[in-house]
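Heads up: the structure comes next, in structure tokens.
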Amino acid sequence: MELNNYNVFEIISTNSLWSVKIATIMIACNLISIGIGRYAIKVRGLGPSIPVLGLEGLGLPELLATTSLGHIIGAGTIIGLKSIGYLY
């Protein structure tokens, strides 16, 4: 079975995949998710802490969980804004 490369390249978008607008949306979604997760996570501080941030009770597991959720929310936001034509 031979793959038609022309059809595969038609699927790939020719516009920019990353921009300052997209980065700003992703950062905002992650910061909102960290802020919500800081108060919503009931059992905190079981893993290693992050002394750089200076936040009590927000350790590495909580940071990974909240930023994972932030990326999911950010990806959905970006896809939604692209589908309505706000982002190009």
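The values are calculated or read from the model by the stated rules, or taken from the named source; none is laboratory data. Just so it is clear, the structure is predicted and the values come from calculations on it, not from any experiment. For neighbour counting, all protein chains shown are included, and Cβ atoms are generated from backbone atoms with ideal geometry for every residue, glycine included.
Within 20 Å of residue 83 (Cβ to Cβ), out of contact with any Gly (no Cβ under 8 Å at 6 or more places or on another chain) and modelled with pLDDT under 75: is that true of residue 13 in this structure? Yes: the conditions hold for residue 13. Taken together, the residues in the range 63-88 that are under 10 Å from the mean Cα position of the chain (by Cα) and at pLDDT below 90 amount to 0. Within the range 48-62, at least one residue is surrounded by 13 or more Cβ atoms within 10 Å (Cβ to Cβ), at pLDDT below 90 and among the β-branched types (Val, Ile, Thr).
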